[in-house]
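Visitor: Pasting a structure below so you can have a look.
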Amino acid sequence: MATAALATAGLAAFAAQQASGASADATALSNRWYAAAPYLMPHDNNPPDAGAIMDATGLKAFQLAFVLAPNGGGCSPTWDGTSPVSSDTAVASVISAIRAKGGDVSVSIGGYGGTKLGQTCSDAAATAAAYQQVITKYQLKAIDFDLEEPEYENTAAIAREIGAAKILQQNNPGLYVSVTTAGTADGTGWFGKQMLNEAKAQGFTPNNFSIMPFDGGFNGAAAQTSALANFNAILRTTFGWDEATAYAHEGFSGMNGRSDTGEYFSQADFQTVLDFATGHHMDRFTFWSLNRDRQCSPPDNNGKTSGTCSSVAQADWDFAKYSVRFAGVTPPTTTPPTTPPPTGSCAAAAWSSSAVYTGGNTVSYGGHTWKAKWWTQNEKPGSTGEWGVWQDLGPC
């Protein structure tokens, strides 16, 4: 216990000494904005202009991903395993631009790929010291622990991550801490439950535990809200909370458009989950990712998942607007074009969920013309990929 106390004191001193070296002045937003911050990869997947997203949607917070251990090993923080945080200027510039427009960021550590610091650092104190460098450099008011495969199968690594999160929470008063893990139809799986048990054993309570209900056979919003309800039951059982307290510590982290496993999550699905989250007073609503929050060409991306577009019909930043709404703000109305569309544009009748279509019928949907390949009813154009019933004939 004395060693832990010394580590805690040392980290606090380190933070105080380094505060003047942060990349930009940071004014904290309300926690609701950090809870709504969608993920953005600043180095990969054709990073979008955060300022343009802010102007178009009213979004104020971004979840920057991911901080990892160096690819060659060691206990120092890097972006994506390759760019040391200590010498970073690129991400610092992105953060400064966001803050100049009145926004802020959280940083996510972990994720699906790469080696995590919990796997390479010697103990919780060393892991926390590495993360404190990130908090101090960027003057962070929020941080996300994305604990998933393969790290969350390593009980020692998860114990270090949870221990580090607790130390950071103690040394940075007011720090908003989220813990994100895999979701299943039952809420979360065995490894997710073991992570929760570790948090309970260490006496650690973050602002929220969030699940990712995708890449697991989910079909739209109904399956996702069912998983969230089941996860609530797990939180109640693990921590002894009542339903309301569990929801107040629960979060949703979705995937917009087509998932890695071929599931589809539309704007309507996001609205349904948003209604569930706000109706149950959940703490967090976010998604992966802003890099994907734009339309592919063709819109369904030929039935493939992309890291740079959603593979569903959409306007740019459609999904970010649901995060804005979760934060309690109404997104700005999109300005209509100043010139009318060409005469005869979208001549086909608008698609209707109640109409029956047969092979050769054409409809308009999402600014594109679509042709049915065979009989169909209530199958949304662009939602079933290149092997689905609708063939995209292009913009109209």
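Visitor: Listing Asp104, Asp123, Asp242, Asp392 from the residue with the fewest other Cβ atoms within 10 Å to the one with the most, what is the order?
Guide: Asp242, Asp123, Asp392, Asp104
Visitor: Could I ask something else about it? For each pair in Lys141/Lys304; Lys141/Lys166; Lys116/Lys321, compute the distance between the two Cα atoms and list the pairs where it is over 25 Å.
Guide: The pairs that break the limit, which is 25 Å between Cα atoms, are Lys141/Lys304; Lys116/Lys321.
Visitor: Quick one: angle between helix 124-138 and the longest Cα principal axis of the chain, in degrees between 0 and 90, rounded to 10, please.
Guide: Result, in degrees: 60.
Visitor: Which of the lysines could be linked to Lys371 by a straight reach, that is with a Cα gap under 19 Å, when you skip same-chain ones fewer than 8 residues away?
Guide: Output for Lys371: Lys380.
Visitor: Related question: Which angle between 0 and 90 degrees, to the nearest 10, do you get for helix 90-100 versus the longest principal axis of the chain when only C-alpha atoms count?
Guide: 80 degrees
Visitor: Something else about it: Does segment 2-326 classify as rounded, prolate or oblate by the C-alpha gyration tensor (a ≥ b ≥ c root eigenvalues; a/c under 1.5 gives rounded; else a/b over b/c gives prolate, otherwise oblate)?
Guide: oblate
Read the figures in this text as sums done on the coordinates, not as results from a lab. Everything quoted here is computed from the prediction, not taken from an experiment. Cβ: placed from backbone, ideal geometry, glycine included. Neighbour counts: every protein chain shown.
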